[in-house]
Amino acid sequence: MPLGDAGFRIIDMPAPSDGLLASYEELPVDAYMGNGTRYKKFSQYRLSAAADGSWSFERLPHRDYTAFKKFNAVGGGMRRTYLPIDVDFTPLIALGARELDLDRGEDWQINVHQNRTRAELGRPGPLTPEGVHHDGHEFVMIGVLDRQRVSGGETRLWRPGADAPFWSGALEPGQAVLLDDKAIAHDVTDVVSATGEPGHRDIFIVAFSRWTHKWYGDDHDAAALSGGED
């Protein structure tokens, strides 16, 4: 168990390049989530174990994003159309894969979300409008790259059926949380303007699923859109 009994771990990431940070300025608004405060791009990959001990990334043909409604009551059960990510997150994802000690005996499919959430005076930015939730995958990585003029954004981790989180904390830029998504649920509190001026929180999210679990393709989309089980 790479995450142990706790089911999560906080890791440090290398500093992102200026180009990676600048790319967040070009994200289009997410028309489906965040009430106009979220900006987003999305891509998917297949990971295969390489002979040198690393992971090989195959970018998959771009598709709409679909999620099961039982995992996301706000954005599940529908097609969400996003532009593909046009910067390289694979070094950061490879770090997460190593720290998770992914099973190298099979391929993995990952969903990669590049999100900015903005907040301004009197208008907070909701980070998880779906509430406390599982994403439905095996592991999840949430990395924070930048926080400017915002407070809040506290990650909270929950045991099944619990009335209160067992862990909470605001991830700082350069930190990522790795989650056993089957074992624990999570949510994140809204970000709010800390200075009265507009601010933002820039993150990426990676959801790891075994390729054999078929979280990519027509069959997955049909099941998610029909309200079926994962």
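Among (1) closer than 20 Å to Asn35 by Cα; (2) open to solvent by 10 Å² or more (accessible area, probe 1.4 Å), where does Gln114 come up short?
Looking at each condition in turn, Gln114 falls short on (2).
What number of residues within segment 117-131 are open to solvent by less than 30 Å² (accessible area, probe 1.4 Å) and in a strand (DSSP E or B)?
3
Return the residues of segment 188-214 that are open to solvent by 20 Å² or more (accessible area, probe 1.4 Å) and either outside any strand (DSSP E or B) or aromatic (Phe, Trp, Tyr) (or both); say none if nothing qualifies.
Thr189, Asp190, Ala194, Thr195, Gly196, Glu197, Pro198, Trp211, Thr212, His213, Lys214
Quick check on Leu92: is it touching a residue at least 24 places away in the same chain (Cβ under 8 Å) and closer than 18 Å to Ala207 by Cβ?
Judged against the criteria, Leu92 is a match.
For Phe68, are the conditions met, namely being in contact with a helix residue (DSSP H, G or I) (Cβ under 8 Å, 6 or more places away or on another chain), of a type outside the set (Gly, Ala, Ser) and open to solvent by 40 Å² or more (accessible area, probe 1.4 Å)?
So Phe68 does not fit the description; no.
From the list Pro84, Pro91, Pro61, pick out the single residue that is touching a His at 6+ places or on another chain (Cβ under 9 Å) and open to solvent by 30 Å² or more (accessible area, probe 1.4 Å).
Exactly one of Pro84, Pro91, Pro61 is touching a His at 6+ places or on another chain (Cβ under 9 Å) and open to solvent by 30 Å² or more (accessible area, probe 1.4 Å), namely Pro84.
Val112 passes all but one of (1) part of a loop (DSSP other than H, G, I, E, B); (2) under 17 Å from His220 (Cα atoms); (3) touching a residue at least 12 places away in the same chain (Cβ under 8 Å); which number fails?
Tallying (1) part of a loop (DSSP other than H, G, I, E, B); (2) under 17 Å from His220 (Cα atoms); (3) touching a residue at least 12 places away in the same chain (Cβ under 8 Å), Val112 fails exactly one: (1).
The values are calculated or read from the model by the stated rules, or taken from the named source; none is laboratory data. This is a predicted model, so every value here is computed, not measured. Positions of Cβ are generated from backbone atoms using ideal geometry, with glycine treated the same way; all protein chains shown enter the neighbour counts. To get the accessible areas, we keep the full protein, side chains included, count just its heavy atoms, and leave off ligands, DNA and RNA. Shrake-Rupley method; radii C 1.70, N 1.55, O 1.52, S 1.80 Å.
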